[in-house]
Structures are given as structure tokens and as C-alpha cells.
Amino acid sequence: MENDKVILLDFWASMVGLRVRVALAEKKIEYEYMEEDSASNVPSPLLMKMNPIHKKIPVLIHNGRPVCDSLVALEYIDEVWKDDKARLLPSDPYERANARFWADYIDKLYENYGRKIWMTKGETQEGAKKGLIDSLKLLEGAALGDKPYFGGESFGFADIALIGIYSWFYALEIFGNFSVAAECPKLAAWGERCRQRASVAKSLPEHHKIYEMILDLKKTYGL
């Protein structure tokens, strides 16, 4: 769309912000990136103005109007910038509902399990690790199967939803002492397949930098 002004308030390591960056890249939408210092938990005045309810990133600002929440932003991007060659959601209503279902399932993985893997120890950490692995195995078997992407041959909504937490797999594997490739080989192959896409390759943060950032957070929190 001509004369559009698109701004993304984000943080480089944000797994939910990554979703929006990948979606914008898939649609080849030009935008201004504005980095928020999420590690300090001090929102900028612009973030406070654009997301006064949650005061969190990512926020997609389109012609001065904010769209908050990463999955909501994905749907907005798909609806506003219609491109049959880069559809994020399927045209079939059932397939579209299915993609939303799995995206919602994926959305809970970090809060339910991922965070506890690096923030806790002992039985709590082991329980979180088991919960994440079991959830990924279910996702691999019930949603991905033998398909190249969750939507079949096309990279789309559920794939972008999972790419976010995928970017943290390396760090979570180290802290939790497990291997996604060993536990979920098809999911690991899916991740490598996604990494070959230009939209993902240009947006994905380096995994060792995520790990180093979490180490700093652990020191800050005394963990």
C-alpha cells in the first residue's frame, strides 16, 4: 500500500516481536524499526502511548494507529496487505481455524514451560522441561506430521507463531540439558527448513546472543 507509514516497536531478542518481523518480511513491507529496552522493564513514552493497557512490545503502528499483541498483528498484516503469494492464513475457514488453534497452543509454551527452564532449578525445572518436551512432541505428531510446514506446503501463521520460541531453543536446551533434535527430529528439521527462508534468516537473532542475554538476566535476578 502506497504512502503507508509502518513502525514496529520491538526488542531484538523478543520471541513475539520476531513473529511480526518475519510476517513483515514475508509480505515485503517496508517499516521503521524502533528498539525498546525491554530488559530494563522501562517502557518508552511512545510505547506507553501506543500500548497503555499492557505497556509491552511488539506494537505495530500503521499510519499512527497501534496494533498490539503479536498474533493479532499477524492477522492484521495478512488482512491489510493481501497477497495471494504470501498468505499467512489459509483461505479455507476450517484450515484457518486450525491454524489459529495451534498458534494459540504454541503461544502458551514459553509462559507455561520455557520461562521456568531458565529461571528455576531442581524439580520445578525438570517438570517444566518435561512439559515443554511433551508439548513439542504433541505439536510434532498432531499438527506437523510429515508436512514441510504446519499448513502443508505453505509457510504460514502457525509456523511464524512457533518461530518465536524456536529462536530460544538453543538457550533453553543448554539450561535444561536436553535436545529438541533428539526428542522431536521432525520439528528440528522443520526449524532448519524455516531458517532457509529469507524472511526468517534476516529476522532471526543469533542463538548464542540469546543465551548470553539470558545469562545476564539470571545474574540480574540472582538466579
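When residue 91 is tested against the conditions (1) farther than 17 Å from residue 199 by Cβ; (2) part of a helix (DSSP H, G or I); (3) small (Gly, Ala, Ser), the lone failure is (2).
Checked against the criterion of being assigned to a loop (DSSP other than H, G, I, E, B), basic (Lys, Arg), open to solvent by 60 Å² or more (accessible area, probe 1.4 Å) and out of contact with any Pro (no Cβ under 9 Å at 6 or more places or on another chain), the candidates 116, 137, 147 yield just one match: 147. Checked against (1) farther than 14 Å from residue 21 by Cα; (2) in contact with a helix residue (DSSP H, G or I) (Cβ under 8 Å, 6 or more places away or on another chain), residue 45 meets all criteria but (2). Checked against the criteria, residue 171 counts as surrounded by 16 or more Cβ atoms within 10 Å (Cβ to Cβ) and out of contact with any strand residue (DSSP E or B) (no Cβ under 6 Å at 6 or more places or on another chain).
Close contacts from the range 52-66, counting a first residue that is at pLDDT 95 or above and a second that is of a type in the set (Phe, Trp, Tyr) and part of a loop (DSSP other than H, G, I, E, B), with Cβ to Cβ under 6 Å and a gap of 6+ residues or different chains, come to 57/11. Please work out which one of (1) closer than 23 Å to residue 105 by Cα; (2) in contact with a strand residue (DSSP E or B) (Cβ under 7 Å, 6 or more places away or on another chain); (3) not aliphatic (A, V, I, L, M) is the condition residue 14 fails and give its number. Just one mismatch for residue 14, condition (2). Mind checking which residues of the range 80-97 are in contact (Cβ under 8 Å) with a residue 40 or more places away in the chain, open to solvent by 30 Å² or more (accessible area, probe 1.4 Å) and not charged (D, E, K, R)? Scanning the range 80-97 gives 80, 90. Residues in the range 75-111 that are at pLDDT below 95 and among the polar types (S, T, N, Q): 91 alone. In the range 8-19, the residues that are more than 11 Å from residue 34 (Cα to Cα) form Cβ pairs under 8 Å with partners that are of a type in the set (Asp, Glu) and open to solvent by less than 10 Å² (accessible area, probe 1.4 Å), at six or more places apart or across chains, as follows: 17/10.
Pick out the one residue from 77, 57, 29, 61 that is open to solvent by less than 50 Å² (accessible area, probe 1.4 Å) and in a helix (DSSP H, G or I). Reasoning before the result, please.
Working: 57 fails: in a helix (DSSP H, G or I); 29 fails: in a helix (DSSP H, G or I); 61 fails: in a helix (DSSP H, G or I).
Of the residues listed, the single one that is open to solvent by less than 50 Å² (accessible area, probe 1.4 Å) and in a helix (DSSP H, G or I) is 77.
Restricting the first member to the range 122-133 and to residues that are free of Cβ contacts under 8 Å to residues at least 60 places away in the same chain, and the second to residues that are of a type in the set (Val, Ile, Thr), the beta-carbon pairs closer than 7 Å and six or more apart or on different chains are 125/117; 128/117; 128/120; 129/117; 132/117.
Within the range 192-212, identify whether any single residue is under 29 Å from residue 85 (Cβ atoms), small (Gly, Ala, Ser) and surrounded by fewer than 17 Cβ atoms within 10 Å (Cβ to Cβ), and answer yes or no. For the range 192-212, residues under 29 Å from residue 85 (Cβ atoms), small (Gly, Ala, Ser) and surrounded by fewer than 17 Cβ atoms within 10 Å (Cβ to Cβ): present.
For the range 1-16, check the following and say yes or no: at least one residue is charged (D, E, K, R), surrounded by 21 or more Cβ atoms within 10 Å (Cβ to Cβ) and not in a helix (DSSP H, G or I).
Yes, the range 1-16 contains at least one residue that is charged (D, E, K, R), surrounded by 21 or more Cβ atoms within 10 Å (Cβ to Cβ) and not in a helix (DSSP H, G or I).
The values are calculated or read from the model by the stated rules, or taken from the named source; none is laboratory data. Here the structure is a predicted model, which means the values were calculated and not measured. We place every Cβ from the backbone using ideal geometry, glycine too, and count neighbours over all the protein chains shown. Ligands, DNA and RNA are excluded from the accessible area calculation, which covers all protein heavy atoms including side chains. Shrake-Rupley method; radii C 1.70, N 1.55, O 1.52, S 1.80 Å.
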